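Asks: Structure in structure tokens, see below.
The values are calculated or read from the model by the stated rules, or taken from the named source; none is laboratory data. Everything quoted here is computed from the prediction, not taken from an experiment. Positions of Cβ are backbone-derived with ideal geometry, glycine not excepted, and every protein chain shown enters the neighbour counts.
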Amino acid sequence: MIAELLQYKFITNSLLAGILASVSCGIIGTYIVTRRMVFLSGGITHASFGGIGIGYFFGFNPIFSAAIFGILSALGIEFVSKKTEIREDSVIGILWSFGMALGIMFVFLTPGYVPNLMSYLFGSILTVSSFDIWLMVCLSLVLIIFFVLFYRIILFISYDQEYAKTHNISVGLFNYLLMALVALTIVLNIKIVGIILVISLLTIPQSIANLFTKDFKNIILISIVIGLIGAFMGLIISYKINIPSGASIIFSLVMIFIVAKSIQVIKRKFNLKNRNFNLK
Amino acid sequence: MSKIVEIQSVFAGYNDEIILKDVSIDIFDDDFIGIIGPNGGGKTTLLNVILGLIKPFKGNVRFYDDLKSKRNNKIGYLPQQNKIDKNFPITVNDVILSGLIYGSGMISRHSKIDKQKAKDTLKRIGISDLGKHAIGELSGGQMQKVLLARAIISSPRLLILDEPNTFVDNQFEGELYEILNELNKEMSIIIVTHDVGTISSYVKTIACVNRTLHYHKSNVITEEQLASYNCPIKLITHGEIPHTVLKKHNH
């Protein structure tokens, strides 16, 4: 079956997209989860729909307007919550719905048929273009280089911002840079699983990895591997029963989570039993 | 005995609110100062001024010797434990090594010398066996020791501790003060605490911060300092057998 599938260009593209999504989401997702920024990421995701609507209306690639929109709202949230009295989660709530509202308005104002709208909402790894792949390659490279060069500082800031400030580290600059990378990662992965599901690519692999390790670096590495497995499983399911790939990928990841958690529980019970036995 | 920090008629606070008014204090390299005072009185604000986390509205903060150029690496800091996420996936070794990072350079690996320093510091604090553990597995006291190790790994001239005796039991508190006494031979120490009782028997001097600063160069708590409290506090007397007296609650 595999050899037969690989003959199609769209299948190799979607495999590549799956690999690249696992890498970028594995890295950025670990940052999001450990810093408890999941709600914020949900806000950025939905806000970027405003950019998609604007892109359709003015007739250019929605990825670009979504990226600009996503980055601006991410930086906006960071700025408003740091510099003003408004609570961060309220800012997120406002931007979350405002972006969606703008998106809906522009999509409806766009005359005629709106192509691929469903793929932005629910994701379609099978329609990923070579151009999308190139964008994802660039993003993954930027993320890998950034995290390798500044790993210690990112870890340090994520763990204890205030302490990092006392050590003369540009905490503000790093926060903004990482926020922009979070937004870019979200927007470029929207094509794969859709706006509604992208948050799970950034959280489920990390939650599974966190069952096995309590080390930031290892969570990144294990998340990437789990993301890969989930993407391949999801692709096969999607191809076999003809459903949107986003849904099948998330379904696969949750199944992996359940299996991993069960194994952990059983293992603990088993260890406990053995220990009791030894005590006798 | 030489001066390392000089704070001169400083006004400081957050946003528009002035918390500290006209505060002056000189810190010397062999000091062991206990800072007491009511909640919201500005203890942490004063620490933030010294650490450079907030800029004073008015007044001067001057540093001397090597604190002048590499100030932040020469001041060790132990923050309040409740400011830290206990479930963050990081090992004890990584926490302690972060105390050596200074400035936003590209460091993805620590040198052998750094790792040896981490090992020595762990040993000194008495937690050699914890290096590879994740911080989530530690007790309150162990966590406090890890944070202390992070604060002293860079061999600071001044060590600042913000309520290190919360979340820990009495036994740990004793151990902590023993370690601090030892460290005081190499560095100046400022400790903020709620626990007025035990602190006065360990520190050399006591400063009371309640919007303004009362600093007498002795470790005897004066009536004036106590008057700034409106809540019950533990009082210790300097008799043959130290005993604890609970002051009456007025409100």
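Asks: Condition test on B:I75, is it without any contact (Cβ under 8 Å) to a residue 12 or more places away in the chain, within 14 Å of another protein chain (Cβ to nearest Cβ) and among the β-branched types (V, I, T)?
Replies: no
Asks: Right, another one. Could you say which residue among A:S207, A:S200 is hydroxyl-bearing (S, T, Y), away from chain B (no Cβ under 14 Å), part of a helix (DSSP H, G or I) and touching a residue at least 24 places away in the same chain (Cβ under 8 Å)?
Replies: Matching residue, one of A:S207, A:S200: A:S200.
Asks: Does A:I190 satisfy the condition of being more than 14 Å from chain B (Cβ to nearest Cβ) and either in a helix (DSSP H, G or I) or modelled with pLDDT under 95 (or both)? Give the derivation first.
Replies: Values: more than 14 Å from chain B (Cβ to nearest Cβ): yes; either in a helix (DSSP H, G or I) or modelled with pLDDT under 95 (or both): yes.
Against the criterion (more than 14 Å from chain B (Cβ to nearest Cβ) and either in a helix (DSSP H, G or I) or modelled with pLDDT under 95 (or both)), A:I190 qualifies.
Asks: Taking the range A:115-148, which residues are more than 27 Å from A:R35 (Cβ to Cβ) and not in a helix (DSSP H, G or I)?
Replies: Those that are more than 27 Å from A:R35 (Cβ to Cβ) and not in a helix (DSSP H, G or I): A:P115, A:N116, A:S124, A:V128, A:S129.
Asks: Taking the criterion of being of a type in the set (S, T, Y), over 20 Å from the mean Cα position of the chain (by Cα), assigned to a helix (DSSP H, G or I) and within 16 Å of A:G18 (Cα to Cα), would at least one residue in the range A:239-262 satisfy it?
Replies: Taking every residue of the range A:239-262 in turn, at least one turns out to be of a type in the set (S, T, Y), over 20 Å from the mean Cα position of the chain (by Cα), assigned to a helix (DSSP H, G or I) and within 16 Å of A:G18 (Cα to Cα).
Asks: State yes or no: is B:Y102 within 12 Å of chain A (Cβ to nearest Cβ) and of a type in the set (S, T, Y)? Even if it seems obvious, please write down each step before you answer.
Replies: Details: within 12 Å of chain A (Cβ to nearest Cβ): yes; of a type in the set (S, T, Y): yes.
So B:Y102 fits the description; yes.
Asks: Being more than 7 Å from chain B (Cβ to nearest Cβ) and either over 19 Å from the mean Cα position of the chain (by Cα) or assigned to a loop (DSSP other than H, G, I, E, B) (or both) is the filter here, so list the residues in the range A:149-173 that pass it.
Replies: Matches in the range A:149-173: A:I157, A:Q161, A:A164, A:V171, A:G172, A:L173.
Asks: Answer yes or no: is there a residue in the range B:110-122 that is within 14 Å of chain A (Cβ to nearest Cβ), surrounded by 21 or more Cβ atoms within 10 Å (Cβ to Cβ), modelled with pLDDT of 90 or more and part of a helix (DSSP H, G or I).
Replies: Yes, the range B:110-122 has at least one match.
Asks: Output yes when any residue across the range B:13-36 is facing another protein chain (nearest Cβ under 10 Å) and out of contact with any Leu (no Cβ under 6 Å at 6 or more places or on another chain), and no when none is.
Replies: For the range B:13-36, residues facing another protein chain (nearest Cβ under 10 Å) and out of contact with any Leu (no Cβ under 6 Å at 6 or more places or on another chain): present.
Asks: Then there's this: Enumerate the strands (runs of 3 or more DSSP E) found wholly within the range B:23-101, keeping only those where 1 or more residues are closer than 28 Å to B:Q142 by Cα.
Replies: B:32-36, B:75-78
Asks: Evaluate the range B:82-94: report whether one residue or more is more than 9 Å from every other protein chain (Cβ to nearest Cβ), within 17 Å of B:E6 (Cα to Cα) and at pLDDT below 90.
Replies: The answer is no; no qualifying residue exists.
Asks: For the range B:128-173, name all the residues that are β-branched (V, I, T) and within 11 Å of another protein chain (Cβ to nearest Cβ).
Replies: Selection gives B:I135, B:I160.
Asks: Sticking with this one: Show the residue pairs that are 6+ apart or on different chains and have beta-carbon atoms under 6 Å apart, the first residue being within the range B:3-22 and closer than 28 Å to A:K83 by Cβ, the second being among the polar types (S, T, N, Q) and buried (at least 21 other Cβ atoms within 10 Å of the Cβ).
Replies: Here the result reads B:A12/B:T45; B:I19/B:T45; B:L20/B:T45, each pair linking the range B:3-22 to a residue that is among the polar types (S, T, N, Q) and buried (at least 21 other Cβ atoms within 10 Å of the Cβ).
Asks: Could you say whether any residue in the range A:230-240 is polar (S, T, N, Q) and crowded, with 21+ Cβ neighbours inside 10 Å?
Replies: Taking every residue of the range A:230-240 in turn, at least one turns out to be polar (S, T, N, Q) and crowded, with 21+ Cβ neighbours inside 10 Å.
Asks: Can you say whether A:G194 is surrounded by 20 or more Cβ atoms within 10 Å (Cβ to Cβ), of a type in the set (G, A, S) and closer than 17 Å to A:G26 by Cβ, as far as the supplied structure shows?
Replies: Details: surrounded by 20 or more Cβ atoms within 10 Å (Cβ to Cβ): yes; of a type in the set (G, A, S): yes; closer than 17 Å to A:G26 by Cβ: no.
Spelling it out, it is not the case that A:G194 is surrounded by 20 or more Cβ atoms within 10 Å (Cβ to Cβ), of a type in the set (G, A, S) and closer than 17 Å to A:G26 by Cβ.
Asks: Given the conditions (1) more than 20 Å from A:F147 (Cβ to Cβ); (2) within 17 Å of the chain's Cα centre (by Cα), which single one is not true for A:L228?
Replies: If we test A:L228 against (1) more than 20 Å from A:F147 (Cβ to Cβ); (2) within 17 Å of the chain's Cα centre (by Cα), just (1) comes out false.
Asks: Also, quick follow-up: Could you say whether any residue in the range A:133-148 is within 7 Å of chain B (Cβ to nearest Cβ), modelled with pLDDT of 90 or more, surrounded by 19 or more Cβ atoms within 10 Å (Cβ to Cβ) and under 17 Å from B:R109 (Cα atoms)? Can you show your working first?
Replies: At the first step, the residues of the range A:133-148 found to be within 7 Å of chain B (Cβ to nearest Cβ) are A:148.
Add one more test, that the residue is modelled with pLDDT of 90 or more, and what stays is A:148.
Adding the requirement that they be surrounded by 19 or more Cβ atoms within 10 Å (Cβ to Cβ) leaves none.
Checked the range A:133-148: no residue is within 7 Å of chain B (Cβ to nearest Cβ), modelled with pLDDT of 90 or more, surrounded by 19 or more Cβ atoms within 10 Å (Cβ to Cβ) and under 17 Å from B:R109 (Cα atoms).
Asks: Is it the case, given these coordinates, that B:L97 is crowded, with 16+ Cβ neighbours inside 10 Å and either in contact with a His (Cβ under 7 Å, 6 or more places away or on another chain) or at pLDDT 90 or above (or both)?
Replies: Considered against the rule, which asks whether it is crowded, with 16+ Cβ neighbours inside 10 Å and either in contact with a His (Cβ under 7 Å, 6 or more places away or on another chain) or at pLDDT 90 or above (or both), B:L97 comes out as yes.
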